[in-house]
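Asker: I'd like to ask you about the structure that follows.
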Amino acid sequence: MKISSAALSLNVADVDASATFAQRHFGFDVAMADDGFVSLHHPDLAVNVVFLRTGLESFKPASIAGPAGQGMLVAFVVDDVDAEFARVRDGGAQVVTEPETEPWGERYCQFADPNGIVWQLVQWV
């Protein structure tokens, strides 16, 4: 199998709010957009992040067309989690978890976007 690209697609109530959050705090750019849809690209990632408005008739299968969020993390590995934490926090993002280190060497912090999607930054120490 040859895969040419990939995307993480999340259903949210307010597409613009999550897209603006990702652009402001994490450096994403809009790759494509239409009513109820935005695909974001980041120059350092091979995966686009896509937000779809909950309830779009084009979403298949309809049986799983609910909102994303509960039990889900969007995680990115960074070089300096403490510096990125300070930058994102100081930029006004809602802090979920301040930086902490797990016994296995994962140092991480978490933020919530306006739709409740949790964005996690990770550094391996």
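The values are calculated or read from the model by the stated rules, or taken from the named source; none is laboratory data. Model, not experiment: these values are computed from the prediction. Don't worry about glycine lacking a Cβ; one is built from the backbone with ideal geometry, like all the others, and counts go over all protein chains shown.
Asker: Condition test on VAL78, is it among the β-branched types (Val, Ile, Thr) and in contact with a Ser or Thr (Cβ under 8 Å, 6 or more places away or on another chain)?
Answerer: Judged against the criteria, VAL78 is not a match.
Asker: Still on this model: Could you please find all residues in the stretch 61-105 being among the aromatic types (Phe, Trp, Tyr) and either touching a helix residue (DSSP H, G or I) at 6+ places or on another chain (Cβ under 7 Å) or in a strand (DSSP E or B) (or both)?
Answerer: PHE76
Asker: So in the stretch 17-55, with the set limited to residues that are among the aliphatic types (A, V, I, L, M) and closer than 11 Å to ALA7 by Cα, which one is surrounded by the fewest Cβ atoms within 10 Å (Cβ to Cβ)?
Answerer: Here the residue is ALA46.
Asker: Given (1) buried (at least 16 other Cβ atoms within 10 Å of the Cβ); (2) under 16 Å from the mean Cα position of the chain (by Cα); (3) not polar (S, T, N, Q), where does ALA6 come up short, assuming only one miss?
Answerer: Going through (1) buried (at least 16 other Cβ atoms within 10 Å of the Cβ); (2) under 16 Å from the mean Cα position of the chain (by Cα); (3) not polar (S, T, N, Q) one by one, ALA6 breaks only (1).
Asker: Kindly list, by first and then second residue, each pair from a residue in the stretch 81-96 that is without any contact (Cβ under 8 Å) to a residue 60 or more places away in the chain to a residue that is surrounded by 12 or more Cβ atoms within 10 Å (Cβ to Cβ) and β-branched (Val, Ile, Thr), limited to pairs with Cβ atoms under 6 Å and residues at least 6 apart or on different chains.
Answerer: Final answer for the pair search is GLU84/VAL78; ARG89/VAL95; VAL96/VAL118.
Asker: Still on this structure, I have one more. Looking at the stretch 88-125, which of its residues are over 25 Å from PRO67 (Cα atoms) and either under 13 Å from the mean Cα position of the chain (by Cα) or exposed (fewer than 14 other Cβ atoms within 10 Å of the Cβ) (or both)?
Answerer: ASP90, GLY91, GLU98, GLU100, THR101, GLU102, PRO103, TRP104, GLY105, TRP124, VAL125
Asker: Which residues, taken from the stretch 14-60, are in contact with a helix residue (DSSP H, G or I) (Cβ under 8 Å, 6 or more places away or on another chain) and in a loop (DSSP other than H, G, I, E, B)?
Answerer: PHE28, GLY36, HIS42
Asker: Here's something else I'd like to know. Among the residues of the stretch 97-125, count how many are in contact with a Pro (Cβ under 8 Å, 6 or more places away or on another chain) and either within 15 Å of GLN23 (Cα to Cα) or free of Cβ contacts under 8 Å to residues at least 12 places away in the same chain (or both).
Answerer: Going through the stretch 97-125 one residue at a time, the tally reaches 1.
Asker: With the structure loaded, tell me whether THR54 is over 18 Å from LEU121 (Cβ atoms), hydroxyl-bearing (Ser, Thr, Tyr) and modelled with pLDDT of 95 or more or whether it fails that test.
Answerer: Spelling it out, it is not the case that THR54 is over 18 Å from LEU121 (Cβ atoms), hydroxyl-bearing (Ser, Thr, Tyr) and modelled with pLDDT of 95 or more.
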